[in-house]
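For reference, the structure discussed in these notes is given below.
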Amino acid sequence: MDRRDRACNYLVFLAAIVAWIVVARFVTTIPPRQNATAGLAGAGLIGLAVGLSVTPLFWLAAFARHRRIALRGSWVRAVRRGGWVGIVVALLVVLRVQEVLSLPIGLFVVAMVALAEITLSVER
């Protein structure tokens, strides 16, 4: 791991901490039931915070899996996977706020994202 990778990890973790602070402030001050757009904005903020939180973890997992060698596309895959996680979390929060979330719908969303990620991450 060189200095650039370490700096990227620190910056993304710092951005995640800031995003979680914004989420805590937003969730504790604005009730989602009174304002229709507050639930959507809160879901977007939670999805962003979760996505930023797991992105460096995906990179570190790939780094450890490749015996401490940073491969060229590792950051791209980590950002893509973090984005998928953020989108899924935001979608599940939106469905929960709208009171339409059920187990089959949640499993369908997770299965579709898993299928898309498997398709995108096939090594050629």
*Got a number for the accessible area of ILE105? Probe 1.4 Å, square angstrom, nearest 10.*
70
*Restricting the range 1-110 to trypsin sites (Lys or Arg not before Pro) in coil, as DSSP defines it, with at most 15 other Cβ within 10 Å*: ARG33, ARG67, ARG68, ARG72
*the chain - Rg (one decimal) and Dmax (whole number), Cα, Å*: 16.5, 51
*asked:* Which order do you get for TRP59, TRP75, TRP20, TRP84 if you rank them by accessible area with a 1.4 Å probe, largest at the top?
replied: TRP20, TRP84, TRP75, TRP59
_Carbon plus sulfur fraction of accessible area for the chain, probe 1.4 Å, in percent_ = 70
*Apply the Karplus parameterisation 6.51 cos²θ - 1.76 cosθ + 1.60, with θ equal to phi minus 60°, to every residue of the range 83-95 and state each ³J(HN,Hα) to the nearest whole Hz, in sequence, with x for glycine and proline.*
x, 4, 4, x, 5, 5, 5, 4, 5, 5, 5, 4, 5
*Using the heavy atoms of the protein chains alone and a 1.4 angstrom probe, what is the accessible area of the chain per residue in square angstrom?*
68
*asked:* Could you check the spin-label model distance between ARG68 and ALA7? Points 7 Å from the Cα along Cα→Cβ, value in nm.
replied: 2.3
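The values are calculated or read from the model by the stated rules, or taken from the named source; none is laboratory data. What you see is a predicted model; the values in this text were computed from it and never measured. Because the Cβ atoms are built from the backbone with ideal geometry, glycine has one as well, and the counts that use them run over all protein chains shown. To get the accessible areas, we keep the full protein, side chains included, count just its heavy atoms, and leave off ligands, DNA and RNA. Shrake-Rupley method; radii C 1.70, N 1.55, O 1.52, S 1.80 Å.
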